[in-house]
Amino acid sequence: MKRIAFLLLCTLLAANIQSQAFDVDKQLDYCHRQVMKSLQQLRPYDFTQEPRNILAGQHTWNCRKAVAEEWCSGFWPGILWMDYSYSHSAEVLHAAKGYTEVLKPLAYQPIYDHDLGFIMIGSFGKGLTYNAMQPIYRPILLAAADSLATLYNAKAGTILSWPRHVKDYGGHNTIMDNMINLDLLFWAAANGGSPLLRQIAINHATTTMRHHFRPDGSSYHVAVYDTLSGQFLRGQTHQGYADSSMWSRGQSWAIYGYTMVYRWTRDPLFLKFAQRVADIYLLRLSQTSDDMIPLWDMDDPRGRQAPKDASAACVVASALIELSTYLDEERKDNSDSQLDTNNSLPDAAHNHLDANPAHRYRQAAIDMLADLSTPRYQSRDLSTAFLLHSTGHHPAGSEIDASIIYADYYYLEALLRLKGLQQHL
Ligand code: GLY
């Protein structure tokens, strides 16, 4: 027992040294300064217009109508809530409430698509997390979860992501991004909503795990199912380079999604799967990129000449920090035995791996955040965003090499998660 306690202490100390080397507070201060610059730009506030992107060469946010067919409306309020949790600025709190509450009608009108989850988790969800004095947010989130569940197809076992594209795809379509929205269903089931919401989320994650991935653990962007029989028809891309390629943000949604599903279910199957999809991402990243920020698609034949996607790195960094905490827990529970969580990987990936997966994921996340926090990626005086070099929809020629609001959201979330981890080590 003494030896086990000693090993555990060494593990925690090593993790502590690893994460202390990166100055999280310095980056959180930077984010706060950029938030204040953005608020300055946006005053007088029109809460119905939410920041979306700053294209290459521009200096201020292009905004989109919040309550429209816009999937990113939750990210700016989410940034404000997260910044408020750190800065405690009254100005930021005022703006966080305003940009959040304008979104309320979305929870009660017929659902447009699965992105309602992204919108509500970022806005009302973060509001609830960081300002407990907002009990009025709970019924709104519950209504949104019920609305999201109306897109569930029990035959297919997944949520219909894009009702407007059923004809284009020849069936019930589910995209990898949809994994993120399960958080809203799990939360609702645990907070007074129907238990069915949890079951829908588990079914969606399980079906997606079965059909939405190639044998090496990389994901398709879109899975198409027969609407009536629910039979899986094919996997293909929408925003990636090719049907068979690794679209970096798609894979980032998978890593984040399965980590979150494990948070709610504690089912080891999901923990193992989160590692599997993370490991192939890290392996391909090491083969294709000159740093910890991926190309927008890891199979773009231009190789290192292809645009980057900082947003994918932000999503993955945030997910890996969370994932590392579950592996720490698992290690504590299993400290007598040698864990082997990498059975399903190709041999090449095994060679690439550190023996302690919690360390490896945490270090990878810190390395990502360190790269993102350099002048190469931070906007600094160029604009009011946090980060440069994200890619939105490459095949459509949209938001290439831009500042995009969700990159900033997940960057800040990752920084706060790392700060939380440092405080507990
Ligand atoms: N959810 C859309 C995207 O990741 O671009």
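A few remarks follow.
- Looking only at residues in region 400-420 that are part of a helix (DSSP H, G or I) and either open to solvent by 40 Å² or more (accessible area, probe 1.4 Å) or at pLDDT below 95 (or both), the one that is farthest from residue 294 (Cα to Cα) is 419.
- From 161, 194, residue being more than 30 Å from residue 86 (Cα to Cα) and surrounded by fewer than 17 Cβ atoms within 10 Å (Cβ to Cβ): 194
- For region 79-118, taking the residues that are of a type in the set (Val, Ile, Thr) and open to solvent by 10 Å² or more (accessible area, probe 1.4 Å), the one that is nearest to residue 387 (Cα to Cα) is identified as 102.
- Within region 103-115, being over 23 Å from the mean Cα position of the chain (by Cα) and not aromatic (Phe, Trp, Tyr) holds for 105, 109, 110.
- Enumeration of residues in region 170-192 that are farther than 13 Å from residue 149 by Cα, touching a helix residue (DSSP H, G or I) at 6+ places or on another chain (Cβ under 9 Å) and not hydrophobic (A, V, I, L, M, F, W, C): 172, 173, 174, 177, 191, 192
- Leading residue by the ranking (farthest from the ligand (Cβ to nearest atom)) among those in region 258-275 that are under 25 Å from residue 413 (Cα atoms) and aliphatic (A, V, I, L, M): 271
- Residues in region 48-78 that are open to solvent by less than 50 Å² (accessible area, probe 1.4 Å) and over 25 Å from residue 378 (Cβ atoms): 66, 68, 70.
- The set of residues from region 233-257 being outside any loop (DSSP other than H, G, I, E, B), more than 16 Å from the ligand (Cβ to nearest atom) and either open to solvent by less than 30 Å² (accessible area, probe 1.4 Å) or touching a residue at least 40 places away in the same chain (Cβ under 8 Å) (or both) comprises 233, 235.
- Yes/no for residue 40 being at pLDDT 95 or above, open to solvent by less than 20 Å² (accessible area, probe 1.4 Å) and not small (Gly, Ala, Ser): no
- Residues that are of a type in the set (Lys, Arg), surrounded by fewer than 18 Cβ atoms within 10 Å (Cβ to Cβ) and within 30 Å of residue 189 (Cβ to Cβ) within region 261-319 comprise 263, 266, 272, listed in sequence order.
- The set of residues in region 90-126 that are out of contact with any Leu (no Cβ under 9 Å at 6 or more places or on another chain) and not in a helix (DSSP H, G or I) comprises 102, 103, 108, 109, 110, 115.
- Whichever residue in region 167-181 is away from the ligand (no atom under 12 Å from the Cβ) and open to solvent by 10 Å² or more (accessible area, probe 1.4 Å) and, among such residues, is farthest from residue 251 (Cα to Cα): 167
- Contacts under 6 angstrom Cβ, first residue in region 92-119 being within 16 Å of the ligand (Cβ to nearest atom), partner open to solvent by less than 10 Å² (accessible area, probe 1.4 Å) and small (Gly, Ala, Ser), 6 or more apart: 114/161; 116/144; 118/74; 119/73; 119/74
- With respect to the conditions (1) open to solvent by 10 Å² or more (accessible area, probe 1.4 Å); (2) farther than 17 Å from residue 280 by Cα; (3) over 20 Å from the mean Cα position of the chain (by Cα), residue 187 falls short on a single one, namely (3).
The values are calculated or read from the model by the stated rules, or taken from the named source; none is laboratory data. All values derive from a computational prediction rather than experimental measurement. Methodologically, a virtual Cβ is constructed for each residue, glycine included, from the backbone with ideal geometry; neighbour enumeration extends over all protein chains shown. Remember, those area values only see protein heavy atoms, side chains included, never the ligands or the DNA or RNA. Shrake-Rupley method; radii C 1.70, N 1.55, O 1.52, S 1.80 Å.
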